[in-house]
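This report refers to the structure that appears directly beneath it.
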Amino acid sequence: MTPSETTNNTLINESNRIVIKIGSALVTDEKTGKAKQNWLNCVAADISYLKSIGKEVVIVSSGAIALGRNALGIDYTNRPSSIPLEQKQAAAALGNVEMTRAYAQAFAPFNHQIALILLSPKDTEVRNSHLNARATINTLLIKGKVPVINENDTVSTAEIRFGDNDRLAARVAQMIGADLLIQLSTTDGLYTADPTQDDSAQHIPVVEDYSDDLLKMAGDAPAGLSTGGMKSKLEAARIATMAGVTMMIASGKIDNPLKALLSGAKATVFKAADKPLTARKKWISSHVKAQGALIIDEGAAQALHTGKSLLPAGVAKVEGDFIMGDAVAIRDMDGHTLAIGLMNYSANESRLILGHKSADISDVLGYSRGDTLIHRDDLVLQA
Ligand code: GLU
(Lines give C-alpha, C1' and ligand atoms only; values in the text may rest on other atoms or scores of the structure.)
Protein backbone atom coordinates (compact mmCIF):
# COMPACT_ATOMS: atom_id res chain seq x y z
CA MET A 1 0.00 0.00 0.00
CA THR A 2 1.41 3.42 -0.94
CA PRO A 3 1.24 6.28 1.58
CA SER A 4 -1.39 8.10 -0.51
CA GLU A 5 -3.52 4.96 -0.56
CA THR A 6 -3.53 4.76 3.22
CA THR A 7 -4.22 8.45 3.72
CA ASN A 8 -6.97 9.03 1.17
CA ASN A 9 -8.82 5.81 1.74
CA THR A 10 -8.74 6.13 5.53
CA LEU A 11 -9.70 9.77 5.42
CA ILE A 12 -12.82 9.08 3.40
CA ASN A 13 -13.72 6.03 5.47
CA GLU A 14 -13.35 7.93 8.72
CA SER A 15 -15.43 10.91 7.57
CA ASN A 16 -19.17 11.00 8.14
CA ARG A 17 -20.07 14.21 6.42
CA ILE A 18 -18.34 14.98 3.13
CA VAL A 19 -18.64 18.04 0.89
CA ILE A 20 -17.66 17.46 -2.72
CA LYS A 21 -16.92 20.50 -4.85
CA ILE A 22 -17.24 20.07 -8.59
CA GLY A 23 -15.93 22.80 -10.87
CA SER A 24 -17.38 24.23 -14.11
CA ALA A 25 -14.66 22.64 -16.20
CA LEU A 26 -15.75 19.20 -15.00
CA VAL A 27 -19.51 19.74 -15.29
CA THR A 28 -19.45 21.37 -18.74
CA ASP A 29 -18.22 19.98 -22.01
CA GLU A 30 -15.90 22.62 -23.40
CA LYS A 31 -16.64 21.54 -26.98
CA THR A 32 -20.43 21.80 -26.81
CA GLY A 33 -21.20 24.01 -23.78
CA LYS A 34 -23.55 21.26 -22.53
CA ALA A 35 -23.48 19.19 -19.34
CA LYS A 36 -21.11 16.22 -19.32
CA GLN A 37 -23.91 13.82 -18.55
CA ASN A 38 -21.86 10.62 -18.73
CA TRP A 39 -19.29 11.93 -16.29
CA LEU A 40 -22.00 13.19 -13.92
CA ASN A 41 -23.64 9.75 -14.09
CA CYS A 42 -20.35 8.18 -12.92
CA VAL A 43 -19.96 10.71 -10.10
CA ALA A 44 -23.55 10.03 -9.02
CA ALA A 45 -22.67 6.31 -8.91
CA ASP A 46 -19.65 7.10 -6.70
CA ILE A 47 -21.70 9.31 -4.38
CA SER A 48 -24.47 6.72 -4.17
CA TYR A 49 -21.83 4.21 -3.11
CA LEU A 50 -20.61 6.61 -0.40
CA LYS A 51 -24.20 7.05 0.78
CA SER A 52 -24.67 3.27 0.86
CA ILE A 53 -21.77 2.99 3.33
CA GLY A 54 -23.35 5.62 5.58
CA LYS A 55 -21.74 8.87 4.44
CA GLU A 56 -23.70 12.12 4.22
CA VAL A 57 -22.71 13.91 1.03
CA VAL A 58 -23.26 17.50 -0.02
CA ILE A 59 -22.29 18.68 -3.51
CA VAL A 60 -21.12 22.21 -4.21
CA SER A 61 -21.31 22.57 -7.96
CA SER A 62 -20.32 25.27 -10.40
CA GLY A 63 -21.35 25.29 -14.02
CA ALA A 64 -24.49 27.42 -14.06
CA ILE A 65 -22.92 30.29 -15.99
CA ALA A 66 -21.10 27.95 -18.35
CA LEU A 67 -24.25 25.88 -18.97
CA GLY A 68 -26.51 28.93 -19.31
CA ARG A 69 -24.49 30.49 -22.13
CA ASN A 70 -26.19 28.48 -24.91
CA ALA A 71 -29.68 29.27 -23.66
CA LEU A 72 -28.89 32.98 -23.46
CA GLY A 73 -27.60 32.96 -27.02
CA ILE A 74 -24.00 33.60 -26.03
CA ASP A 75 -21.52 31.61 -28.03
CA TYR A 76 -20.22 28.87 -25.73
CA THR A 77 -16.66 29.58 -26.81
CA ASN A 78 -16.83 32.77 -24.68
CA ARG A 79 -15.25 32.05 -21.30
CA PRO A 80 -17.69 32.68 -18.43
CA SER A 81 -15.23 35.21 -16.98
CA SER A 82 -15.28 37.29 -20.20
CA ILE A 83 -19.09 37.74 -20.18
CA PRO A 84 -20.49 41.04 -18.79
CA LEU A 85 -21.91 40.74 -15.26
CA GLU A 86 -25.62 41.14 -16.08
CA GLN A 87 -25.37 38.51 -18.80
CA LYS A 88 -23.45 36.24 -16.45
CA GLN A 89 -26.24 36.57 -13.89
CA ALA A 90 -28.93 35.86 -16.48
CA ALA A 91 -26.89 32.89 -17.77
CA ALA A 92 -26.64 31.59 -14.19
CA ALA A 93 -30.44 31.75 -13.80
CA LEU A 94 -30.88 29.65 -16.95
CA GLY A 95 -27.89 27.43 -16.25
CA ASN A 96 -28.92 26.46 -12.73
CA VAL A 97 -31.98 24.81 -14.27
CA GLU A 98 -29.81 22.89 -16.69
CA MET A 99 -27.32 21.98 -13.98
CA THR A 100 -30.09 20.74 -11.68
CA ARG A 101 -31.62 18.71 -14.50
CA ALA A 102 -28.27 17.06 -15.23
CA TYR A 103 -27.70 16.10 -11.56
CA ALA A 104 -31.31 14.91 -11.15
CA GLN A 105 -30.90 12.69 -14.21
CA ALA A 106 -27.58 11.35 -12.93
CA PHE A 107 -29.00 10.41 -9.50
CA ALA A 108 -32.35 9.06 -10.75
CA PRO A 109 -31.12 5.47 -11.38
CA PHE A 110 -29.95 5.34 -7.75
CA ASN A 111 -33.27 6.69 -6.42
CA HIS A 112 -31.64 9.71 -4.85
CA GLN A 113 -33.38 13.04 -5.01
CA ILE A 114 -31.31 16.16 -5.27
CA ALA A 115 -32.19 19.51 -3.70
CA LEU A 116 -30.89 22.80 -5.09
CA ILE A 117 -29.69 25.47 -2.66
CA LEU A 118 -28.39 28.83 -3.88
CA LEU A 119 -26.31 30.69 -1.30
CA SER A 120 -24.86 34.17 -1.13
CA PRO A 121 -21.72 34.87 0.94
CA LYS A 122 -23.80 36.49 3.68
CA ASP A 123 -25.80 33.29 4.11
CA THR A 124 -22.66 31.58 5.35
CA GLU A 125 -21.37 34.54 7.38
CA VAL A 126 -24.32 36.25 9.07
CA ARG A 127 -25.19 34.02 12.00
CA ASN A 128 -28.96 33.83 11.66
CA SER A 129 -28.85 33.04 7.91
CA HIS A 130 -26.02 30.62 8.65
CA LEU A 131 -28.09 28.77 11.27
CA ASN A 132 -31.07 28.66 8.88
CA ALA A 133 -29.05 27.34 5.96
CA ARG A 134 -27.41 24.79 8.25
CA ALA A 135 -30.79 23.61 9.55
CA THR A 136 -32.10 23.24 5.98
CA ILE A 137 -29.08 21.23 4.86
CA ASN A 138 -29.26 19.06 8.01
CA THR A 139 -32.93 18.33 7.36
CA LEU A 140 -32.21 17.32 3.77
CA LEU A 141 -29.36 15.06 4.88
CA ILE A 142 -31.46 13.41 7.57
CA LYS A 143 -34.08 12.67 4.88
CA GLY A 144 -31.39 11.08 2.69
CA LYS A 145 -31.44 13.75 -0.04
CA VAL A 146 -28.42 15.07 -1.92
CA PRO A 147 -28.09 18.85 -1.51
CA VAL A 148 -26.53 20.53 -4.55
CA ILE A 149 -25.29 24.00 -3.64
CA ASN A 150 -24.21 26.82 -5.89
CA GLU A 151 -23.57 30.49 -5.35
CA ASN A 152 -26.68 32.64 -5.83
CA ASP A 153 -25.04 34.38 -8.79
CA THR A 154 -28.27 35.97 -9.99
CA VAL A 155 -28.51 38.29 -6.99
CA SER A 156 -24.89 38.62 -5.84
CA THR A 157 -23.25 41.87 -6.87
CA ALA A 158 -19.64 41.85 -8.01
CA GLU A 159 -18.37 43.20 -4.68
CA ILE A 160 -20.03 40.58 -2.53
CA ARG A 161 -19.69 37.52 -4.76
CA PHE A 162 -17.47 34.66 -3.78
CA GLY A 163 -16.93 34.39 -7.52
CA ASP A 164 -15.46 30.95 -7.19
CA ASN A 165 -17.10 27.99 -5.56
CA ASP A 166 -13.84 26.81 -3.95
CA ARG A 167 -14.31 29.20 -1.04
CA LEU A 168 -18.07 28.75 -1.01
CA ALA A 169 -17.48 25.00 -0.59
CA ALA A 170 -15.12 25.65 2.34
CA ARG A 171 -17.69 27.94 4.01
CA VAL A 172 -20.41 25.34 3.48
CA ALA A 173 -18.18 22.61 4.94
CA GLN A 174 -17.53 24.85 7.96
CA MET A 175 -21.21 25.72 8.32
CA ILE A 176 -22.43 22.11 8.37
CA GLY A 177 -19.50 20.74 10.39
CA ALA A 178 -18.25 18.49 7.57
CA ASP A 179 -15.25 16.28 8.32
CA LEU A 180 -13.90 16.38 4.79
CA LEU A 181 -14.04 18.65 1.74
CA ILE A 182 -13.01 17.06 -1.54
CA GLN A 183 -12.23 19.59 -4.27
CA LEU A 184 -12.52 17.74 -7.57
CA SER A 185 -10.36 19.65 -9.95
CA THR A 186 -8.67 19.46 -13.32
CA THR A 187 -5.44 18.68 -11.45
CA ASP A 188 -4.64 15.98 -8.92
CA GLY A 189 -3.30 18.32 -6.26
CA LEU A 190 -0.72 20.88 -5.32
CA TYR A 191 2.74 20.80 -6.91
CA THR A 192 5.94 22.56 -5.88
CA ALA A 193 5.59 24.58 -9.12
CA ASP A 194 3.13 24.70 -12.01
CA PRO A 195 3.54 21.19 -13.52
CA THR A 196 2.36 22.42 -16.94
CA GLN A 197 5.28 24.89 -17.07
CA ASP A 198 7.97 23.20 -15.01
CA ASP A 199 9.10 19.58 -15.53
CA SER A 200 10.77 19.42 -12.14
CA ALA A 201 7.48 20.23 -10.31
CA GLN A 202 6.73 17.67 -7.61
CA HIS A 203 3.38 16.56 -6.29
CA ILE A 204 2.72 17.28 -2.59
CA PRO A 205 0.63 14.47 -1.04
CA VAL A 206 0.05 16.00 2.40
CA VAL A 207 0.14 19.50 3.86
CA GLU A 208 0.25 19.11 7.64
CA ASP A 209 0.15 22.81 8.53
CA TYR A 210 -1.41 25.34 6.22
CA SER A 211 0.76 28.39 5.70
CA ASP A 212 0.36 31.40 3.41
CA ASP A 213 3.77 30.53 1.89
CA LEU A 214 1.93 27.86 -0.09
CA LEU A 215 0.32 30.63 -2.13
CA LYS A 216 3.71 31.19 -3.79
CA MET A 217 3.39 27.79 -5.44
CA ALA A 218 -0.02 28.50 -6.85
CA GLY A 219 -0.84 29.77 -10.30
CA ASP A 220 -3.92 31.69 -11.47
CA ALA A 221 -6.89 29.95 -13.06
CA PRO A 222 -5.97 28.03 -16.19
CA ALA A 223 -7.48 28.95 -19.56
CA GLY A 224 -10.91 27.45 -20.23
CA LEU A 225 -13.91 27.19 -17.99
CA SER A 226 -12.26 27.28 -14.56
CA THR A 227 -12.58 30.45 -12.51
CA GLY A 228 -10.69 29.53 -9.37
CA GLY A 229 -7.32 27.96 -10.04
CA MET A 230 -4.94 26.83 -7.31
CA LYS A 231 -4.93 30.19 -5.48
CA SER A 232 -8.60 30.03 -4.64
CA LYS A 233 -8.20 26.35 -3.67
CA LEU A 234 -5.51 27.38 -1.22
CA GLU A 235 -7.75 30.14 0.17
CA ALA A 236 -10.39 27.43 0.58
CA ALA A 237 -7.85 25.19 2.34
CA ARG A 238 -7.13 28.01 4.82
CA ILE A 239 -10.83 28.48 5.62
CA ALA A 240 -11.49 24.75 5.82
CA THR A 241 -8.52 23.71 7.95
CA MET A 242 -9.08 26.59 10.40
CA ALA A 243 -12.64 25.37 10.79
CA GLY A 244 -11.51 21.81 11.51
CA VAL A 245 -12.31 20.48 8.04
CA THR A 246 -9.66 18.44 6.24
CA MET A 247 -9.51 19.31 2.55
CA MET A 248 -8.39 17.22 -0.39
CA ILE A 249 -7.65 18.34 -3.95
CA ALA A 250 -8.14 15.44 -6.33
CA SER A 251 -8.50 14.94 -10.05
CA GLY A 252 -11.98 14.90 -11.52
CA LYS A 253 -10.63 14.20 -14.98
CA ILE A 254 -11.39 10.50 -14.65
CA ASP A 255 -14.77 8.82 -14.75
CA ASN A 256 -15.11 7.59 -11.17
CA PRO A 257 -12.98 10.10 -9.26
CA LEU A 258 -14.23 9.21 -5.77
CA LYS A 259 -13.89 5.46 -6.21
CA ALA A 260 -10.42 6.17 -7.58
CA LEU A 261 -9.55 8.00 -4.35
CA LEU A 262 -10.77 5.03 -2.35
CA SER A 263 -8.35 2.86 -4.32
CA GLY A 264 -5.39 5.14 -3.84
CA ALA A 265 -5.49 7.81 -6.56
CA LYS A 266 -3.10 10.71 -6.01
CA ALA A 267 -4.38 13.82 -4.19
CA THR A 268 -3.17 16.58 -1.91
CA VAL A 269 -4.56 16.46 1.62
CA PHE A 270 -4.60 19.60 3.80
CA LYS A 271 -4.93 18.38 7.37
CA ALA A 272 -7.08 20.22 9.89
CA ALA A 273 -5.55 20.62 13.34
CA ASP A 274 -8.85 20.25 15.23
CA LYS A 275 -12.08 18.33 14.75
CA PRO A 276 -14.89 20.54 13.31
CA LEU A 277 -16.78 20.71 16.60
CA THR A 278 -13.67 21.67 18.58
CA ALA A 279 -12.84 24.36 16.01
CA ARG A 280 -16.42 25.67 16.12
CA LYS A 281 -16.38 25.86 19.91
CA LYS A 282 -13.01 27.64 19.88
CA TRP A 283 -14.48 30.13 17.42
CA ILE A 284 -17.55 30.71 19.62
CA SER A 285 -15.50 31.26 22.75
CA SER A 286 -12.90 33.52 21.14
CA HIS A 287 -14.80 35.51 18.49
CA VAL A 288 -18.25 35.95 19.76
CA LYS A 289 -19.54 38.66 22.12
CA ALA A 290 -22.59 37.99 24.30
CA GLN A 291 -25.56 40.23 23.45
CA GLY A 292 -27.65 39.21 26.44
CA ALA A 293 -28.04 36.54 29.10
CA LEU A 294 -30.23 33.63 30.14
CA ILE A 295 -30.60 32.88 33.84
CA ILE A 296 -31.16 29.15 34.29
CA ASP A 297 -32.30 26.89 37.15
CA GLU A 298 -30.20 24.24 38.82
CA GLY A 299 -31.61 21.32 36.83
CA ALA A 300 -30.69 23.02 33.55
CA ALA A 301 -27.22 23.86 34.90
CA GLN A 302 -26.64 20.19 35.71
CA ALA A 303 -27.88 19.18 32.27
CA LEU A 304 -25.40 21.57 30.63
CA HIS A 305 -22.54 20.01 32.56
CA THR A 306 -23.47 16.57 31.25
CA GLY A 307 -23.24 17.87 27.68
CA LYS A 308 -26.95 18.47 27.02
CA SER A 309 -28.55 21.31 25.04
CA LEU A 310 -30.35 24.17 26.77
CA LEU A 311 -34.15 23.82 26.69
CA PRO A 312 -36.65 26.60 27.43
CA ALA A 313 -38.00 24.67 30.42
CA GLY A 314 -34.86 25.38 32.47
CA VAL A 315 -34.74 29.14 31.83
CA ALA A 316 -35.98 31.49 34.56
CA LYS A 317 -35.17 34.89 33.06
CA VAL A 318 -34.01 36.49 29.81
CA GLU A 319 -31.86 39.63 29.90
CA GLY A 320 -31.03 42.01 27.06
CA ASP A 321 -32.09 42.16 23.46
CA PHE A 322 -30.82 39.71 20.88
CA ILE A 323 -31.90 37.98 17.70
CA MET A 324 -31.65 34.38 16.58
CA GLY A 325 -28.01 33.50 15.95
CA ASP A 326 -26.67 36.00 18.50
CA ALA A 327 -24.51 34.84 21.36
CA VAL A 328 -25.70 35.02 24.95
CA ALA A 329 -24.15 34.27 28.32
CA ILE A 330 -25.77 31.59 30.45
CA ARG A 331 -25.80 32.33 34.18
CA ASP A 332 -26.96 30.48 37.27
CA MET A 333 -29.23 32.06 39.88
CA ASP A 334 -26.16 33.33 41.79
CA GLY A 335 -24.92 35.26 38.78
CA HIS A 336 -22.06 32.92 37.84
CA THR A 337 -21.49 32.63 34.10
CA LEU A 338 -21.66 28.94 33.17
CA ALA A 339 -21.48 29.03 29.39
CA ILE A 340 -21.83 31.03 26.20
CA GLY A 341 -23.90 29.88 23.25
CA LEU A 342 -25.65 30.82 20.02
CA MET A 343 -29.41 31.31 20.26
CA ASN A 344 -32.02 29.54 18.15
CA TYR A 345 -34.65 32.05 19.29
CA SER A 346 -34.67 35.84 19.80
CA ALA A 347 -34.93 37.53 23.20
CA ASN A 348 -38.64 38.24 22.69
CA GLU A 349 -39.35 34.67 21.61
CA SER A 350 -37.30 33.32 24.52
CA ARG A 351 -39.31 35.43 27.01
CA LEU A 352 -42.50 33.87 25.68
CA ILE A 353 -41.34 30.25 25.80
CA LEU A 354 -39.20 30.27 28.96
CA GLY A 355 -40.37 27.74 31.51
CA HIS A 356 -42.36 25.85 28.85
CA LYS A 357 -41.79 22.29 27.65
CA SER A 358 -40.21 22.15 24.19
CA ALA A 359 -43.30 20.34 22.89
CA ASP A 360 -45.33 23.49 23.65
CA ILE A 361 -43.14 25.90 21.64
CA SER A 362 -45.39 25.71 18.55
CA ASP A 363 -48.50 26.39 20.62
CA VAL A 364 -46.97 29.41 22.34
CA LEU A 365 -45.27 31.00 19.32
CA GLY A 366 -47.38 29.59 16.50
CA TYR A 367 -44.20 28.02 15.03
CA SER A 368 -41.11 26.22 16.23
CA ARG A 369 -37.47 26.44 15.27
CA GLY A 370 -36.62 23.25 17.10
CA ASP A 371 -36.66 22.03 20.69
CA THR A 372 -33.56 23.77 21.96
CA LEU A 373 -32.89 27.38 22.87
CA ILE A 374 -29.21 26.62 22.36
CA HIS A 375 -28.05 23.38 20.76
CA ARG A 376 -25.18 21.64 22.55
CA ASP A 377 -22.92 22.06 19.47
CA ASP A 378 -23.38 25.84 19.79
CA LEU A 379 -22.67 25.91 23.50
CA VAL A 380 -19.29 26.36 25.20
CA LEU A 381 -18.99 25.77 28.93
CA GLN A 382 -16.82 28.26 30.82
CA ALA A 383 -13.90 26.79 32.69
N1 GLU B 1 -21.21 29.97 -9.46
C2 GLU B 1 -20.61 29.94 -10.75
C3 GLU B 1 -21.43 29.08 -11.71
O4 GLU B 1 -22.23 28.29 -11.32
C5 GLU B 1 -19.25 29.33 -10.78
C6 GLU B 1 -18.22 29.80 -9.86
C7 GLU B 1 -16.98 28.92 -10.05
O8 GLU B 1 -16.61 28.65 -11.19
O9 GLU B 1 -16.44 28.42 -9.09
O10 GLU B 1 -21.22 29.16 -12.88
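For the reader, a short list of remarks on this structure follows.
- Residues Ser82 and Ser368, FRET efficiency given R0 of 41 Å [Cβ-Cβ distance, rounded to 0.05]: 0.25
- In order along region 203-211, the Karplus-derived 3J(HN,Hα) couplings, from 6.51 cos²θ - 1.76 cosθ + 1.60 at θ = phi - 60°, round to 6, 10, x, 9, 10, 6, 10, 5, 9 Hz, and Gly and Pro are given as x.
- Accessible surface for Trp39 stands near 20 Å², nearest 10, in the context of the full protein assembly shown (1.4 Å probe).
- Accessible area of Leu116 (1.4 Å probe, protein heavy atoms only, ligands and nucleic acids ignored): about 70 Å².
- Ellipticity estimate at 222 nm from DSSP helix runs (n ≥ 4, -39,500 (n - 2.57)) divided over the chain, nearest 500: -11500 deg cm²/dmol
- In the context of the full set of protein chains, the chain has a per residue accessible area of 44 Å² (1.4 Å probe).
- Binned Cα-Cα distance frequencies in the chain - 20 Å width, integer %: 27, 52, 20, 1
- Accessible surface of the chain, 1.4 Å probe, proportion on carbon and sulfur as whole %: 51
- Net +/- balance of residues flanking His375 in space, Cβ distance below 15 Å, scoring K and R +1, D and E -1: +3
- With the simple spin-label model, which puts each label point 7 Å out from Cα in the Cβ direction, the Thr278 to Asn16 separation comes to 1.6 nm.
- Fraction of beta bridges assigned by DSSP in region 293-371 that are antiparallel (%, nearest 5): 75
- Sorting His130, His356, His112, His287 on solvent-accessible area from highest to lowest, probe radius 1.4 Å, gives His287, His356, His112, His130.
- Residues listed by number, region 81-116, amide nitrogen under 19 Å from Gln37 label point at 7 Å toward C-beta: 95-114
- Amide H contacts of Ala316: Ile295, Ile296, Asp297, each under 5 Å away and 5 or more positions distant or on a separate chain (H built 1.01 Å from N in the peptide plane; Pro and chain starts excluded).
- Net dipole in debye of the chain [+1 Lys, Arg Cβ; -1 Asp, Glu Cβ; about Cα centre; nearest 20]: 600
The values are calculated or read from the model by the stated rules, or taken from the named source; none is laboratory data. Fair warning: this is a prediction, and the values are worked out from it, not measured in the lab. Counting neighbours? That spans all protein chains shown, and the Cβs are built from the backbone with ideal geometry, glycine included. Accessible surface is based on the protein model in full, side chains and every heavy atom, while ligands, DNA and RNA are left aside. Shrake-Rupley method; radii C 1.70, N 1.55, O 1.52, S 1.80 Å.
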